[in-house]
Amino acid sequence: MATMFSTILIANRGEIACRIIATCRKLGIRSVAVYSDADKDALHVRQADMAVHIGPAPARESYLRADRIIEAALSTGAQAIHPGYGFLSERIDLIAACEANGIVFIGPSSSAIDAMGDKIRSKQIARDAGVPGVPGYDGADQSPAVLRAEALRVGLPVMVKASAGGGGKGIRKVVNEAELDGAIVAAAREAQGAFGDGRLLIEKFVTRPRHVEVQIAGDRHGNIVHLFERDCSVQRSNQKLLEEAPAPNLKPGTRAALHDYALRLSRAIAYDNLGTVEFLVDAATEDVFFLEMNTRLQVEHPVTEAITGLDPVDWQIRIAAGETLPLRQDQITCTGHAIEARVTAERADEGFRPDTGLIRAWATPPGLRTDSGVAAGSGVSPHYDSLLAKVIAHGSDRAEAVRKLGDGLERMAVLGPSTIRPFLVDALRQPAFADGRATTLFLAETWPEGWRPPVGD
């Protein structure tokens, strides 16, 4: 019989820490927050039942210190650690430290994270499981001459990508042969600096790709289900801005293939928590290609929550406590349509330059779900990700969700640092997005000179 935790430490900050605290409260579990010098007055610190200081403002001296996180868990009697996303969520060293100290890590096994954390290895596992990948090269010979030859064999344009890591680092698109050598050197250098691993892979660039991902959940008893798919094609610099579920304008056969491939890959690695299998879908042909797997909760999980009526964080905690999945596949249903907008502290009219400062007024849209880690009086520091809030609209159909989200974002008020709220309103009303035809080229095609505020009153 599984025993539920009485205390969980959240090894994160901002909106995701607040989100996890809400589920802990619902389950009657005591929550422990951690905070750096920059976050001593942060919303997640005020909302948690307890809070532990873990170091100076820079993340590498606080939120990325597994030893400080473990000390905080031991000193507060936390039986489990939820890593959220980013920071230590996919780091084997935190799982090892948890195991050494008798603490449960709320996430998949270290073997699953290890298998999917290396993009080269993950593609090989996917291939063996019968999951198609983008044509390319992921071999052991990493000499620049071989990488160059393989890129030309695959055929330009290609993506030169770091095998380790994520977040848009160590990625170069190469269109002309003259750029190839420089891109290989630069991507390897950036990958080495960011992840301590300079290995690269080459992928054929899909000319009009959509970014579609499948939410899966597995338990420690061998059960695996999917919670439908999301479309996250609207991005800048490989960072998602608008995410929706289910994905619009897909043939039933394509949708079924996405779910099947995600389950096949998850079963191949005996996946045992929540995770997301990401795919590229060719907008013209609807060919599906495996991209990577994120072995953690995703930023965009609320749209899945909205269409299924399920709480993914609740599932994560129950799975980690040893329970079986709450539902079978045939009991999981999709109702309506949901869209999430990421409201970041950035100047969209200046190439999405981050902005900082004190939030003097903060009013969220009435009638919509807003997941946020800030309030009036919160400071936005340069030390962390610029995400302030996620605004989620759910409608009976896609048109209603688009309309509600655009209207809600117009009514949202933030005084202080600039946010991308005006850009998001404009993006939602562009014909390509409104019709559900957006690809990952949406920003470049809609605003080739960069976004500018629409001229209005």
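Our summary gives the chain a relative contact order of 14 percent, counting only alpha carbon pairs under 8 angstrom and 6 or more residues apart. Here the simple spin-label model places points 7 Å from the Cα toward Cβ, and for GLU400 and ARG46 these points are separated by 3.5 nm.
Dipole of the stretch 280-343 (Lys/Arg Cβ +1, Asp/Glu Cβ -1, origin at the Cα centre): which of PRO326, VAL281, ALA341 lies farthest to the positive side? Toward the positive end, the furthest listed residue is PRO326.
Separation of the alpha carbons by more than 32 angstrom is noted, of LYS40/LYS123; LYS40/LYS173; LYS123/LYS240; LYS173/LYS390; LYS26/LYS119, for LYS40/LYS123; LYS40/LYS173; LYS26/LYS119.
For the chain, the residue among SER62, SER237, PRO252 whose Cα projects farthest onto the positive side of the dipole built from Cβ charges is SER62. Rolling a 1.4 Å probe across the protein heavy atoms gives the stretch 335-449 an accessible surface of 43 Å² per residue.
Once you sort the root eigenvalues of the Cα gyration tensor of the stretch 3-100 as a ≥ b ≥ c, which label holds: rounded (a/c under 1.5), prolate (a/b larger than b/c) or oblate (the other case)? Oblate, because a/c is 1.5 or more while a/b does not exceed b/c. Set the Förster radius R0 to 25 Å, insert the Cβ-Cβ distance between LEU441 and TYR85 as r into 1/(1 + (r/R0)^6), and round the FRET efficiency to 0.05. The formula returns an efficiency of 0.45 here. With contacts taken as Cα pairs under 8 Å at a separation of at least 6 residues, the stretch 216-360 carries a relative contact order of 28 percent.
By the gyration tensor of its Cα atoms, with a ≥ b ≥ c the square roots of the eigenvalues, what is the shape of the chain: rounded for a/c under 1.5, prolate for a/b over b/c, or oblate? Judged from the Cα gyration tensor, the chain comes out rounded (a/c under 1.5).
Note on the chain: with neighbouring protein chains present and a 1.4 Å probe, carbon and sulfur make up 51 percent of its accessible heavy-atom surface. Excluding same-chain neighbours fewer than eight residues apart, the aspartates and glutamates reachable from LYS251 by a Cα-Cα span under 15 Å are GLU229, ASP231, ASP260, ASP282, GLU286, ASP287. In this structure the stretch 92-199 gives 44 Å² per residue of accessible area when probed at 1.4 Å with all protein chains present.
Of all aspartates and glutamates in the structure, the ones whose alpha carbon falls short of 14 Å from that of LYS161, not counting any fewer than 8 places away in one chain, are ASP118, ASP138, GLU150, ASP181, GLU190, ASP197, GLU203, GLU292.
At a Cα cut-off below 15 Å, give the aspartates and glutamates reachable from LYS404, other chains included and same-chain residues fewer than 8 away excluded. Here the aspartates and glutamates satisfying the reach criterion relative to LYS404 are GLU243, GLU244, GLU340, ASP426. For GLU350 and LEU415, the FRET efficiency from 1/(1 + (r/R0)^6), where r spans their Cβ atoms and R0 equals 22 Å, is about 0.70.
The DSSP beta bridges internal to the chain are antiparallel in roughly 80% of cases.
The values are calculated or read from the model by the stated rules, or taken from the named source; none is laboratory data. This is a predicted model, so every value here is computed, not measured. Methodologically, a virtual Cβ is constructed for each residue, glycine included, from the backbone with ideal geometry; neighbour enumeration extends over all protein chains shown. In case anyone asks, the SASA skips ligands and DNA or RNA and just uses the protein heavy atoms, side chains included. Shrake-Rupley method; radii C 1.70, N 1.55, O 1.52, S 1.80 Å.
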